[in-house]
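The values are calculated or read from the model by the stated rules, or taken from the named source; none is laboratory data. Quick caveat: nothing in here was measured; it's all calculated off a predicted structure. Virtual Cβ from ideal backbone geometry, glycine too; neighbours counted across all protein chains shown.
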Amino acid sequence: MRADLHIHTAASDGSWTASELILKLKTAAIKLFAVTDHDSTANLAETAALAKDAGLCFIPGVEVCSTLKGHTFHILGYGIDPEAPGLKRLLRHNTALMEEADQASIRKLIAAGFRIDYDEYLAYQHNPARGGWKSLSFLTDKGFCRDINDFFANLFTPERGICFPEFPAPGEVISVIKEAGGAPVLAHPGSDFHGPALEETLTFFAREEIAGIECFHPGHDEQTALRAAAWCRRRGLLITGGSDCHGGFVPERRLGIPFITAADLELGELRKFCTS
């Protein structure tokens, strides 16, 4: 059974609707999947219904932002109840932080001399079908950057005083996910998105009682994936993996890549989702 447990839709910064995703999954012969939108569960109910009709195995998920020593860490929550009050509060909080960070970044660019009309930005309507988010789409349309890579290389940078907000600590995020009935899994710990080395990151999150690690990810080479998986097996933790696909928004992240089957994973109680 092919699996992909890290997929984003237009509910966050992906470009596909739930129905478009289901069609893509069927074409790719991926039977087991999870939707893990950034700080959003908006597409889970529709996706669950469509997956059932299509005979696919669906794990409801979310990817929650947290902050540790100035670095942003993403924690995946699998098997969550999207209606859990604590989870809903946390996701609203993180979403508000990012919306304010978007607005603050535009104000800082204006202060730095960029010829941007702030009122025009506030009135701008981002189209979710293109993926990404409001400030990126606006700055791209106005010619201030070419794409997401240019955005993070030249605009959204610490040198300009623009960075991600201070999200809740990992321990709080892990606790909220557990309270929502979910399994907290650290996303892509060996990718260059994080500052600390892999072992340092894993050691910290083991103390935080993480339930598992996303070992298979496009940001991990084969050696990193195997090291992370071996670390999990020694501790009896979950092993997950996925493409981190964002539809057409990040074309280099392709659905079902890396190639993973359910046999490559250790899903524990999440196995209950492996029957359609």
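Some notes on this structure:
- Among the residues of segment 160-206, those that are among the acidic types (Asp, Glu) and modelled with pLDDT under 95 comprise 192, 199, 200.
- Number of the exception - residue 23 against (1) closer than 23 Å to residue 176 by Cβ; (2) surrounded by fewer than 22 Cβ atoms within 10 Å (Cβ to Cβ): (1)
- Selection of segment 230-242 for residues being crowded, with 19+ Cβ neighbours inside 10 Å and either touching a Phe, Trp or Tyr at 6+ places or on another chain (Cβ under 6 Å) or of a type outside the set (A, V, I, L, M, F, W, C) (or both) yields 240, 241, 242.
- Which numbered condition residue 191 misses (of (1) part of a loop (DSSP other than H, G, I, E, B); (2) free of Cβ contacts under 8 Å to residues at least 24 places away in the same chain): (2)
- Selection from segment 141-157 of residues that are within 22 Å of the chain's Cα centre (by Cα), of a type outside the set (Asp, Glu) and not in a loop (DSSP other than H, G, I, E, B): 148, 149, 151, 152, 153, 155
- Taken over segment 37-71, the residue count meeting the criterion of being at negative phi and touching a Pro at 6+ places or on another chain (Cβ under 9 Å) is 14.
- Set 27, 41: member being closer than 22 Å to residue 65 by Cβ and modelled with pLDDT of 95 or more: 41
- The condition of being surrounded by fewer than 22 Cβ atoms within 10 Å (Cβ to Cβ), hydrophobic (A, V, I, L, M, F, W, C) and closer than 14 Å to residue 186 by Cβ holds for only one of 76, 68, that being 68.
- Summed over segment 254-276, the residues that are at pLDDT below 95 and under 18 Å from the mean Cα position of the chain (by Cα) give a count of 0.
- Subset of segment 141-177 that is of a type in the set (Gly, Ala, Ser) and over 26 Å from residue 61 (Cβ atoms) - its residue that is surrounded by the fewest Cβ atoms within 10 Å (Cβ to Cβ): 143
- Any hit, segment 218-227, residues being under 15 Å from the mean Cα position of the chain (by Cα) and assigned by TED's automatic domain parsing to the domain that holds residue 30: yes
- Looking only at residues in segment 94-140 that are among the hydrophobic types (A, V, I, L, M, F, W, C) and surrounded by fewer than 13 Cβ atoms within 10 Å (Cβ to Cβ), the one that is nearest to the chain's Cα centre (by Cα) is 96.
- Residue match in segment 198-215 (condition: surrounded by fewer than 24 Cβ atoms within 10 Å (Cβ to Cβ), in contact (Cβ under 8 Å) with a residue 12 or more places away in the chain, under 24 Å from residue 15 (Cα atoms) and not aromatic (Phe, Trp, Tyr)): no
- Positions within segment 124-140 being assigned to a helix (DSSP H, G or I), closer than 27 Å to residue 75 by Cβ and in contact with a Ser or Thr (Cβ under 7 Å, 6 or more places away or on another chain), in sequence order: 130, 135
Quick grid of which residues meet (1) without any contact (Cβ under 8 Å) to a residue 40 or more places away in the chain; (2) buried (at least 23 other Cβ atoms within 10 Å of the Cβ):
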position: 219; (1), (2): yes, no
position: 228; (1), (2): yes, yes
position: 244; (1), (2): no, yes
position: 253; (1), (2): yes, no
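- Every condition in (1) crowded, with 22+ Cβ neighbours inside 10 Å; (2) touching a helix residue (DSSP H, G or I) at 6+ places or on another chain (Cβ under 6 Å); (3) within 15 Å of residue 8 (Cβ to Cβ) holds for residue 18 except the one numbered (1).
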